[in-house]
Amino acid sequence: MKKFKIGSSRLLTMKETPKIRSWLIVGPSADMSTIHAAGADRLVLDLTGSPESWGAVAGFCKAWAELDPDQPPAFLLPSFASMRTEVAAEYAIRAGAVTVLLGGTRNGAEVQRLAVVLRVEELRCGRPPGSTAIVALADAAGIFAAASFERCSERLSGLGWELDLDPLSDAARLARAAIGLAASAIGVMAIDAVSPTGNTSFQSECWIARENGFAGKLSRRFDQIQIINHVFAD
């Protein structure tokens, strides 16, 4: 067990976990063999689509458990603005999620709100309360409210960002700086945003993120995973 300080004299006890460099986001209907061959450190099942697409979640998770039982998938939840976060969280917990990513997070209060939702679902499913970690993916409001994530929940294990920006723009640099500094102050991992499809400077983006203290990067493309793993390797 590892203990670390989070901005005060309060100590939290966390399990020692391996470094996660690459987070591959896929839909419930994605091809299983292609996903596994990509070699991502963490698979993320996307629940930001229509609820009709979630019917495939249980079958996907069962097939994935047979293929890679040591790496349960994480789940990307829609933002609270979508009004579908709580239902998606229920699906994730029932599917055995140990980590959920909250898209479009506006502040630390939304992390606290999600923590309450997860606790209710964990109790319903007979799981230990607090067994599901949260990674908050800040939107523009969340980036400007980065300080609010400190002490918001003991479940918070990572802080990232998501905006439709040129990854090398000044706005993206500002977002990385704010999230990187906040994650460092809180004592959680920093995760860089998904890059646009077809971006030719992807490796440079990864190096910039690493130099800013990020531990890894989100991706929706199989061909980016090995680059992420290489750049963020120890």
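Region 215-234 and region 131-202 have Cα centres spaced 16 Å apart. Computed with a 1.4 Å probe over protein heavy atoms only, the accessible surface of the chain comes to 47 Å² per residue.
Within the accessible surface of the chain, defined with a 1.4 Å probe on protein heavy atoms only, the carbon and sulfur portion equals 54 percent. Scanning residues 5 or more positions from Lys217 or on other chains, those with amide H under 5 Å from its amide H are Ser22, Trp23, Asp192, with H placed 1.01 Å from N in the peptide plane. Computed 3J(HN,Hα) for region 102-109, one whole-Hz value per residue from the Karplus formula 6.51 cos²θ - 1.76 cosθ + 1.60 where θ = phi - 60°, is 9, x, x, 6, 8, 5, x, 4, glycine and proline marked x. In the chain, the DSSP beta bridges split such that about 10 percent are antiparallel, to the nearest 5.
Using C-alpha pairs below 8 Å separated by at least 6 residues, the relative contact order for the chain is 20 percent.
Each other residue within a Cβ distance under 13 Å of Ser22 adds +1 if Lys or Arg and -1 if Asp or Glu, for a net charge of +4. These residues, Asp223, Asp164, Asp41, go from largest to smallest accessible area, 1.4 Å probe, as Asp164, Asp223, Asp41.
Roughly what % antiparallel, to the nearest 5, for the DSSP beta bridges in region 112-234? The antiparallel proportion sits near 0 percent. Rounded to the nearest whole Hz, the Karplus-based 3J(HN,Hα) values (6.51 cos²θ - 1.76 cosθ + 1.60, θ = phi - 60°) of region 68-84 follow the sequence 9, x, 8, 10, x, x, 8, 10, 8, 9, x, 5, 5, 5, 6, 6, 10, with x at glycine and proline.
The values are calculated or read from the model by the stated rules, or taken from the named source; none is laboratory data. As the structure is a computational prediction, the values presented were derived from the model and not from experiment. Ideal geometry is used to build each Cβ from the backbone, glycine not excepted, and the neighbour counts take in all protein chains shown. Note: accessible area is taken over every heavy atom of the protein model, side chains too, but ligands, DNA and RNA are not part of it. Shrake-Rupley method; radii C 1.70, N 1.55, O 1.52, S 1.80 Å.
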